[in-house]
Amino acid sequence: QERVHIEPDGDVVIKTNDVALSGAGTLRINSGSTAGALNLDGGASNHGGEINLLGGSNGGRILFRTGQGAGQQTEKMRLNENGSLRIGDAATVMSYAAHSEGDDLVIGGSGWRGMTIFGEGGGGVIQFADNGDNRIGQILYNHADNSMDFRTNGNVTRLSLNADGSSYNTSNSS
């Protein structure tokens with residue numbers, strides 16, 4: 001049975017169940033064109049999952065597509081050439097343009113969308129950092145007492161929301 005075949009147009013077809021690549025060198029696969037693409041598919045006619053690496057002339061993006069059934073794959077995540085990561089419908093369909101100060105990670109689309117930080121015990125946190133401090137500010141959720149703290153300037157709690165909805169402000173505001 002033929003395992004490698006070269007088509008009349010120059011396409012190379014390799015048929016095998018498993019591929020093993022080894023060695024200490026670099027494996028480089030490219031389309032041979034800056035406008036080309038490299039597509040990795042999860043199956044023959046029903047791809048399931050796809051990763052599309054687009055050449056520089058096509059924007060230099062990496063697209064992640066999933067779906068069940070032949071031709072049912074839709075884009076779920078996109079890493080743009082500028083390093084921006086978009087998840088959900090935000091990967092392709094956006095009725096707005098995210099501001100450049102907040103477009104490194106965009107999650108969204110039509111209907112309800114969101115993000116979940118899951119943790120057992122402890123809590124969940126969104127941290128803000130700079131070159132001088134790896135934790136200059138935080139939005140912190142405490143699972144133990146179901147409270148939320150907002151911390152700024154040296155990671156000091158300035159506002160705390162308790163489980164019963166009461167809050168207290170620890171800053172020196174007038």
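The table for this structure:
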| item | result |
| --- | --- |
| Residues being open to solvent by less than 100 Å² (accessible area, probe 1.4 Å), within 24 Å of residue 81 (Cβ to Cβ) and charged (D, E, K, R) - total across the stretch 8-41 | 1 |
| In the stretch 147-174, residue nearest to the chain's Cα centre (by Cα) [restricted to those that are closer than 26 Å to residue 105 by Cβ and part of a loop (DSSP other than H, G, I, E, B)] | 155 |
| Residue 157 vs. criteria polar (S, T, N, Q), open to solvent by 60 Å² or more (accessible area, probe 1.4 Å) and either under 25 Å from residue 87 (Cβ atoms) or modelled with pLDDT of 90 or more (or both) | no |
| Which numbered condition residue 101 fails, given (1) more than 25 Å from residue 75 (Cβ to Cβ); (2) at pLDDT below 85; (3) open to solvent by 80 Å² or more (accessible area, probe 1.4 Å); (4) not in a loop (DSSP other than H, G, I, E, B) | (1) |
| The one condition in (1) over 24 Å from residue 72 (Cα atoms); (2) loosely packed, with under 10 Cβ neighbours inside 10 Å that residue 44 fails to fulfil | (1) |
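The values are calculated or read from the model by the stated rules, or taken from the named source; none is laboratory data. Quantities reported herein were computed from a predicted structural model and do not represent experimental measurements. Every residue, glycine as well, gets a Cβ built from its backbone with ideal geometry; the counts of neighbours run over all protein chains shown. The protein model used for the area step is the full one, side chains on, heavy atoms only, and it has no ligands, DNA or RNA in it. Shrake-Rupley method; radii C 1.70, N 1.55, O 1.52, S 1.80 Å.
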